[in-house]
Structure formats: structure tokens, C-alpha cells
Amino acid sequence: MAGRLFISTLLVIGVALVHSSTIKESTRPNFLTEEDFARARLLPSVVPNGTVFNPPKNELKFPETKNAWKHGQWPNGRIPYTLDPGFNDQQRVEVARAIENYHSKTCVRFVPRQAGDNDFVEILRDDNTCGLANVCRSGGAQFAKFGGSCISSGVMTHELGHTVCFGHEQTRPDRDSYISWNTNICQPHGIDNGNDWSTLDLLYDYVSLQHYEGECYNGCIVPRISGVTKCGSGGDLSVLDVEKINAFYNCGGCQSYRFRPISQLSLNENLVSGGNGINGETLYPCRVYVNGDIIPGKGDPVARSCHVGYAGVEYEARDNFEILTNPKNVNVHWVRRTPGSSFPANAIRGGRSAEREAFYIGRCTLQLTDGKTTTIPGKIHPSASSSMYVAFGGQEYQCADYDVLVCD
Ligand SMILES: [Zn+2]
């Protein structure tokens, strides 16, 4: 008797467990709660040198392969979503973290689907894929999925990058200027249709979240620029990803500054004065690739030049560089960095290292031996004790005192 009772009790317990777990899953809301976001914020920050995304080949099979496609833009950057109610707590937190990546740096907003939202993205798990998503708003229900061993915030951030409207960086129409392919290892990916695509005139970004990683590291994708050490973002949005999204969705306020290519810049645009040269010319923050880094420096749009410092030497670019603009005339201004003070949280990111570290924009004044002075915009390097560097007279100088470009 005792034995039978024991068994039947076990059975009852078993049924109860299944039952309660069914109830628990079915009562999870199909949207993220404040609790999910709060848990996501408690996670340690994404490891900047991590590798998170090695998608299988079939990740490329989009129902639509439009990229930065204006007709597929989400109105006002508002993206209604539903969440697979079968996600467990940990999976919900990974999705919350992915969405937080967008909410904290861009004006795109993922919002729980409301009545009347006919176009929306279903965030799903599918263990037959690593990640898969429709690109841009395709009309009606569309999906962003992750699954298998790829359930991470990094993979979901990448898939939601497709939802937001971006394809893969290595398939940009201009990618052949930046990468080549070792066909002994892999076949080149196709190139996106230029009619459907906009690079938004931003520099090619090896460390974009939308750039494949593994095919760089196995020698398949060969960068044409020297000094490229990493591909992919490591799971968060890169400096240029954020700028690209904010440009595409016309974000305002302190998300409205834009770096513009010198080839398209009009001198009538609202530039950000950064100092003066020894002949009185006004200098403006610019940036350009040097050895895998995208480095802020001193730009002269009249002379069409951008000078930056790298490894003690001054480099001059005459083309393929960018100038900072402030098209909405928001409150972008310089603040003094006093010794020992904390670095301003509202500093403007102006570039990044090949190792994915953000650079900020500073300026400092050099006192010359003939009594003249020159105030020069340049690079602030946070991991190097927030040191600031400018280029002058063929050399790179480190500044003791400097201003930081901020927005508020
Ligand atoms: Zn992808």
C-alpha cells in the first residue's frame, strides 16, 4: 500500500508540475515587461572583443532583400512587435537587451503591438536557424528569429537590425572598394541592388553589427584597408551603426548630428566650429580611416583636407573623409575638461578604433614659438587615460588641457 501511495503521489506531483509550468508559460505576456528590461540592465556590459555571431549560410535567405529601403521604413521609427510567449525568462532577457541596445542609442522604438497595428514583427524562436529576419517593413506580419546555440542578445540585435531596415555591410554596393574574397575559402556574397540600397553616405564599417565576423577571421573576407583587426561589433551597435540608424530615421535632438562626406558637403551646411589654423582659417571636426581606425581630426572644407594624428605622425586626407554637421542646429558645444573630472556622459562619439573602442571629439590650443596659437580639433582616446591628440606640423601632439564636444 505504502508503495502504491508513493507512486501515485509522485504521479500527482508530476501532473501538478506540468500543469503549473503550462500555466506559467501561457500567462507570460507576448511583450516585454519592465521586469524583463530591468533584468537585462543588470547583465554585465557586452564584452567589446567578443565574437557572438557566426551565422549559417541560410541567414541570407530573406523574404525581402531590401536594404535601407525608404519604402520599407517604419513610420516615425515605431516598430510594433509581439513576443513568442513560449520564451523562458532567460530568452526574454536576451530579447530585452537587444531592444535596449536600440532604445538607449537611437530614436527607434519597439512597442507592443496595439489594435490597428497591421504591420508588425513577430519575435520568435526557431531552432532550425541561428537567426533569420525580414529586412525592413514588409507589410503585415513579419519575423525576427533566433534559435539553437544562437540565443543571445547579440544575434537578436543583428536580426532586429534587419527589421529596422539594414542588410549586411559586406554586401553594400561599394563593398568591393573595402573588401575582397579569398575564393579558396568561400564564395563572395552577392552585392545588393544599388536601387534598393542606401549607404547613407557613411564610411564602410568593418565593425558594424551587420558585418559578418567569422568569414573575416577565417580569411574568406580580406579587408583592403590595412590595420583592420576585427569584423562585426561583438554584439552591440557600433558607433557608425548608431549614426546610420539615426540618419535613416531622421532622429532629432542630440541624435541629429551627422558626419557628411566631403564629396557631398555644401559649405552652406551648419558646421561645428572647432578652432582656427595659423592663418586664421576656421577648422572643423572631421574624420578619416587610418590603419583600421576611424580617427577624428581637423577638417578644412574650403581646402578640402582632413588632418589626423596616428602613432605620432600627422596624416592628411584629401578625399574620402567626413565633416561633422549639425543640421538641426541643436546645442552642440565645447566644455572644458578639468583635470581629475569625470568624462562627460554627453560627449559626442566621433570615430572608433579598429578594436571597436569609441573615440570622442576634443580640441586643444597649441602655443607656437612665434607667439601664434592654433586651436585644433582632434581625438580623445578613452582607454588611453582619456588622452587627447591633435595633428600639427607633421606630428601628433598630446594635449594636457582640452575641451570636449558635447550635446545637451
Ligand atoms: Zn544578417
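State which residue pairs qualify: first residue without any contact (Cβ under 8 Å) to a residue 40 or more places away in the chain and inside region 80-98, second residue part of a strand (DSSP E or B) in any location, beta carbons under 6 Å apart, and separation of 6 or more residues or different chains.
Here the result reads none, with nothing in region 80-98 linked to a residue that is part of a strand (DSSP E or B).
Could you list, in sequence order, the residues of region 348-397 that are touching a Lys or Arg at 6+ places or on another chain (Cβ under 8 Å) and either over 25 Å from Thr325 (Cα atoms) or not assigned by TED's automatic domain parsing to the domain that holds Ile278 (or both)?
The answer is Glu355, and nothing else.
When you scan region 208-244, how many residues do you find that are within 15 Å of the ligand (Cβ to nearest atom), in contact with a Cys (Cβ under 9 Å, 6 or more places away or on another chain) and not small (Gly, Ala, Ser)?
7
Just name the residue that is nearest to the ligand (Cβ to nearest atom) out of those in region 124-173 that are assigned by TED's automatic domain parsing to the domain that holds Asn76 and basic (Lys, Arg).
Looking at residues that are assigned by TED's automatic domain parsing to the domain that holds Asn76 and basic (Lys, Arg), I get Lys145.
What residue, of Ala358, Ala347, is in contact with a helix residue (DSSP H, G or I) (Cβ under 6 Å, 6 or more places away or on another chain), in contact (Cβ under 8 Å) with a residue 12 or more places away in the chain and not basic (Lys, Arg)?
Unique residue meeting the criteria: Ala358.
From the list Thr369, Thr373, Thr338, pick out the single residue that is in contact with a Ser or Thr (Cβ under 6 Å, 6 or more places away or on another chain), surrounded by fewer than 23 Cβ atoms within 10 Å (Cβ to Cβ), over 20 Å from Asn270 (Cβ atoms) and β-branched (Val, Ile, Thr).
Thr373
Return only the number of the condition from (1) more than 21 Å from Val242 (Cα to Cα); (2) buried (at least 23 other Cβ atoms within 10 Å of the Cβ) that His162 does not satisfy.
(1)
Checking the condition part of a strand (DSSP E or B) and out of contact with any Ser or Thr (no Cβ under 8 Å at 6 or more places or on another chain), which residue from Ser198, Ser180, Ser266 passes?
Only one candidate qualifies: Ser180.
For every residue, the table says whether it meets (1) part of a strand (DSSP E or B); (2) closer than 18 Å to Pro261 by Cα; (3) in contact with a Cys (Cβ under 7 Å, 6 or more places away or on another chain).
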| site | (1), (2), (3) |
| --- | --- |
| Pro344 | no, no, no |
| Phe359 | yes, no, no |
| Arg363 | yes, no, no |
| Ile376 | yes, no, yes |
| Ala384 | no, no, no |
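Conditions: (1) in contact (Cβ under 8 Å) with a residue 60 or more places away in the chain; (2) among the hydrophobic types (A, V, I, L, M, F, W, C); (3) touching a strand residue (DSSP E or B) at 6+ places or on another chain (Cβ under 7 Å). Phe120 meets all but one. Number of the miss?
Among (1) in contact (Cβ under 8 Å) with a residue 60 or more places away in the chain; (2) among the hydrophobic types (A, V, I, L, M, F, W, C); (3) touching a strand residue (DSSP E or B) at 6+ places or on another chain (Cβ under 7 Å), Phe120 violates only (1).
Tally time: how many residues in region 110-148 are farther than 21 Å from Arg97 by Cβ and aromatic (Phe, Trp, Tyr)?
0
Among residues belonging to region 205-224 that are at pLDDT below 95 and aromatic (Phe, Trp, Tyr), point out the one that is surrounded by the fewest Cβ atoms within 10 Å (Cβ to Cβ).
So, considering only residues that are at pLDDT below 95 and aromatic (Phe, Trp, Tyr), the one surrounded by the fewest Cβ atoms within 10 Å (Cβ to Cβ) is Tyr217.
Is it the case that Gly77 is more than 28 Å from Cys254 (Cβ to Cβ) and either surrounded by fewer than 19 Cβ atoms within 10 Å (Cβ to Cβ) or at pLDDT 95 or above (or both)?
It is false that Gly77 is more than 28 Å from Cys254 (Cβ to Cβ) and either surrounded by fewer than 19 Cβ atoms within 10 Å (Cβ to Cβ) or at pLDDT 95 or above (or both).
The values are calculated or read from the model by the stated rules, or taken from the named source; none is laboratory data. Just so it is clear, the model here is predicted, and its values are computed rather than measured. Methodologically, a virtual Cβ is constructed for each residue, glycine included, from the backbone with ideal geometry; neighbour enumeration extends over all protein chains shown.
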